[in-house]
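Asks: Questions regarding the structure given below will be posed in turn.
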Amino acid sequence: MGLSIISPPNSFIQFAESSTVSNCGKNPFTPSLPVIQDDDIAFQFIIKADSVGEADLLCSRADPELIIIGLTEECGDALSGLIVLPGAFQISRISPTQVLYNWPHGIPDFRTVISEGDCFHIFIATTQYDQGYVWCSNCLQRITDDCMTSVVDYTGSSDAFGFDYCGGTSVSDNTEDICEPTLIGFNNVPNISIPYTAQLLAKYGNVPTVSTWIYDDTGELVQMGIRETLDGIPPATIKVDFGGVASGIIKIS
């Protein structure tokens, strides 16, 4: 019985791996990713369980602290935790034993506990088992001067470059894809109410991820900051108000 964590190979944020690399002179060193703003960092990872039952527990979402994220100065068995970050993961079951976690919230309030020039790590912890699990990221550093820095911002509507956007590919062979999103079209309506059926509940869990795409004046689908609301957890109905008559699609995953 156990859990392991998998990071996309092209992600800047990597968990549970050595952060020491060698330069051209073969001298080992530990690079740090520079961070200035709270929203500089977004990432995803997969937690792989040894059994379907263990993955079911990860997807139960009954315990809001089942998976927590925070910051620490040092990695190790006894983490010197600095802060637990607010916000909820976007969770998808991408295979019988694999659960995908998206964290789009950045690292809010990190500047209240990290001084200029100091290094730190992101940690992921689970309370699923008595012994608990903690995974620590590579090193980050708070900087205040953005000279000679740049931000790489990547998103996608389909799986690519090792990132999973719930199209939904497993990182293991011969596993069932159970994360295919549901697309619901709407045409010339100001709002919509979608019954969250038992079938949708079984597929996406108690807290589904919902996003809305609206056709703009050029006929392209765009996201316009539409707010989707759930009437409970799990919801009986997903409600979307478009702020006026609109056409487009709603994606449930």
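The values are calculated or read from the model by the stated rules, or taken from the named source; none is laboratory data. Source: prediction; values computed, not measured. Cβ sites come from the backbone with ideal geometry, for glycine too, and all protein chains shown count toward neighbours.
Asks: Hey, among 232, 248, 205, 225, which residue is out of contact with any Gly (no Cβ under 8 Å at 6 or more places or on another chain) and more than 24 Å from residue 56 (Cβ to Cβ)?
Replies: None of the other options fit; the residue is 225.
Asks: Please indicate, with yes or no, whether at least one residue in region 130-139 is under 23 Å from residue 203 (Cβ atoms) and modelled with pLDDT of 75 or more.
Replies: No, that holds for no residue.
Asks: If we keep just the residues of region 16-38 that are modelled with pLDDT under 85 and assigned to a strand (DSSP E or B), which is nearest to residue 104 (Cα to Cα)?
Replies: If we take residues in region 16-38 being modelled with pLDDT under 85 and assigned to a strand (DSSP E or B), then 21 is nearest to residue 104 (Cα to Cα).
Asks: Out of the residues in region 200-221 meeting the condition of being hydrophobic (A, V, I, L, M, F, W, C) and surrounded by 12 or more Cβ atoms within 10 Å (Cβ to Cβ), tell me which one is nearest to residue 99 (Cα to Cα).
Replies: In this case the residue turns out to be 207.
Asks: Give region 243-252 a look and list any residue that's out of contact with any Phe, Trp or Tyr (no Cβ under 8 Å at 6 or more places or on another chain) and over 18 Å from residue 218 (Cα atoms), or say none.
Replies: If the condition is that a residue be out of contact with any Phe, Trp or Tyr (no Cβ under 8 Å at 6 or more places or on another chain) and over 18 Å from residue 218 (Cα atoms), then 243 is the only one that fits.
Asks: Every residue in region 70-109 that is under 14 Å from residue 120 (Cα atoms), touching a residue at least 40 places away in the same chain (Cβ under 8 Å) and crowded, with 17+ Cβ neighbours inside 10 Å, please.
Replies: 70, 71, 72, 75, 79, 107
Asks: Okay, moving on. Starting from region 238-253, keep only residues that are without any contact (Cβ under 8 Å) to a residue 60 or more places away in the chain, then list their pairs with residues that are in a strand (DSSP E or B) and among the small types (Gly, Ala, Ser) whose Cβ atoms are within a distance under 9 Å, requiring at least 6 positions of separation or different chains.
Replies: That search, which allows pairs on different chains as well, returns 238/193; 239/193; 240/193; 242/248.
Asks: Let me ask something additional. Collect the residues in region 59-84 that are over 17 Å from residue 32 (Cβ atoms) and modelled with pLDDT of 85 or more, keeping them in residue-number order.
Replies: Selection gives 69, 70.
Asks: From the list 13, 41, 47, which one is at pLDDT 80 or above, assigned by TED's automatic domain parsing to the domain that holds residue 110 and not in a loop (DSSP other than H, G, I, E, B)?
Replies: After ruling out the rest, the residue left standing is 47.
Asks: Okay, next question. So, residue 156, is that one surrounded by fewer than 16 Cβ atoms within 10 Å (Cβ to Cβ) and either on the phi > 0 side of the Ramachandran plot or modelled with pLDDT of 90 or more (or both) or not?
Replies: No: the conditions fail for residue 156.
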